[in-house]
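Report on one structure; see the data block that follows.
The values are calculated or read from the model by the stated rules, or taken from the named source; none is laboratory data. Not measured: the values here are computed from a predicted model. Please note: Cβ atoms are built from the backbone with ideal geometry, for glycine as well, and neighbour counts cover all protein chains shown. When the accessible area is computed, the model is the full protein with side chains, heavy atoms only, and any ligands, DNA or RNA have been set aside. Shrake-Rupley method; radii C 1.70, N 1.55, O 1.52, S 1.80 Å.
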Amino acid sequence: MNWIDYYGLTICLWVFLCFLMVLAKKTRPFGLSFTFFSVILFVGLTSLQHYFGAVTIYNESKKQKFFELLKSGEEVTLNLPPSSWLQSLDVRGSDAIIPLEYRREIGIQFPLGSAPSVKTLFCAEDDGFISYETDRFGFRNEDDEWNNTFHNILILGDSFAESACVPNAFHTNFAQNLSAVSLGKGGNGPLTSLAAFIEYNNRFRAENVYFLVFSNDYSRPVRNKSSIDLERELREPELLKYLTDPEFNQGYFNGLDLQPYRRFALEYSKSLANKIDDNNEIQFLRTVSKLFFYDFVKNIVRSKIEINNIQEIRFINKSELEQVYMRINYTADLTSSKLIFVPLPDKSSSCKEDEKRRFIDGFLIGLNANILNVWDDLCDMKYFANTGGHFNSLGYKALSDLIESDFLRNKN
């Protein structure tokens, strides 16, 4: 059993206890008072939930949305980011990993995007479920941007670079005369971004490269048992080749056949969506948990823990991060692209005194890297989703404005 099941069981026992106390004459007065208190409690939670936004979307809801899209007659896949192809286990478990055998089936050593040219069900925060049509390489861009071999702006990074959970990709906010593409995918760490950049450079060139750096690239709260993104990536042999072999590439943007990947993703997404727990007792507990605001309570508790332990952060080995960042810088130099690192605050950041900020700013300054400081501008709750950890549409718009302004300054 996981925490949601314990929570559901606790709620069931709570309701049963209310029933027993009301049923017995001796405890009836107290039972009625306790039941009244319980009703007030959960009505209050309902009001708070309405004020702060919808609760986290459960996998069951995502499955329902997935099958709704299928019934409309469209081909649709779940978002299969590169991180789902990493074979290293951490607290996320084996269910989050696509088995190695499927890489051989699709003929790709390591997928760097999602399935190409298909509607992709992404994620849900304040705007409900977001889906978008991937481009010919499996990224979130207008496909005709790839008709040109030169782009003014290239975006690297993770889910923020993929414009997670908002209706429109943030780089579509740039002026129409600017050509921009993003290679961002949710879960990307520095090594996957390096791999995508190397592959991109085999065929395309960007004037400015903006690498969005998020805290899970290089750190995790001590209480969070997930691997730091770079730690997990460094255990992947195919990704390591991009770091150790200067000649290695897959031809991802230059002739690699991605259609087998597309066919695989369509079928594999259906199999994932069909994985519904057959244990009726567990399903009952999960349903009760959802009815009694498990996610809402969990998020409140988690935020309190993060605030109380904001200084308890573990960081990546600096020499490992330096090796990857220097390789990214070298890759930019090969095509005379200007590389700019853009460290982003997270929702729990303490802005000016944030330990994560001190680490990454100090590290990048030590590398003599170009840095676009957006932390001060974006470290504001109004820019983050109420029901998730990503920027909302306002936050992404602010980010795009800051990047465009920096690009124009560099241009002049």
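Could you check how much of the accessible area of the range 303-412 is carbon and sulfur, as a whole percent, using a 1.4 Å probe?
Carbon and sulfur together cover 49 percent of it.
For the range 202-211, in order, what is each residue's ³J(HN,Hα) by Karplus, 6.51 cos²θ - 1.76 cosθ + 1.60 with θ = phi - 60°, in whole Hz (x at glycine and Pro)?
5, 9, 10, 9, 10, 5, 10, 10, 9, 9
Which whole-number percent gives the relative contact order of the range 113-157, counting Cα pairs below 8 Å spaced six or more residues apart?
Reported as a whole number, the value is 32 percent.
On a straight-distance basis, which lysines could pair with K347 in a cross-link, Cα separation under 26 angstrom, same-chain partners fewer than 8 positions away excluded?
K62, K185, K225, K290, K298, K304, K318, K356, K382, K397
Given a 1.4 Å probe, how much area per residue of the range 178-231 is accessible, in Å²?
22 Å²
Show me 156-168, 106-118 ranked by packing, highest mean number of other Cβ atoms within 10 Å first.
156-168, 106-118
Express the accessible area of the range 75-138 per residue in Å², computed with a 1.4 Å probe while the remaining protein chains stay in the model.
37 Å²
Using the Karplus equation 6.51 cos²θ - 1.76 cosθ + 1.60 (θ = phi - 60°), what ³J(HN,Hα) coupling, rounded to whole Hz, does each residue of the range 325-339 give in order, writing x for Gly and Pro?
Taking θ as phi minus 60°, the curve returns 5, 5, 5, 5, 5, 4, 5, 5, 4, 4, 10, 6, 8, 8, 9 Hz for the range 325-339.
Note down the nm distance, to one decimal, between modelled labels 7 Å out along Cα→Cβ at K411 and at F248.
Placing both labels 7 Å along Cα→Cβ, they lie 3.7 nm apart.
Using the Karplus equation 6.51 cos²θ - 1.76 cosθ + 1.60 (θ = phi - 60°), what ³J(HN,Hα) coupling, rounded to whole Hz, does each residue of the range 218-234 give in order, writing x for Gly and Pro?
Karplus values, whole Hz, x for Gly and Pro: 10, 7, 8, x, 4, 6, 8, 8, 5, 5, 4, 3, 5, 4, 5, 5, 5.
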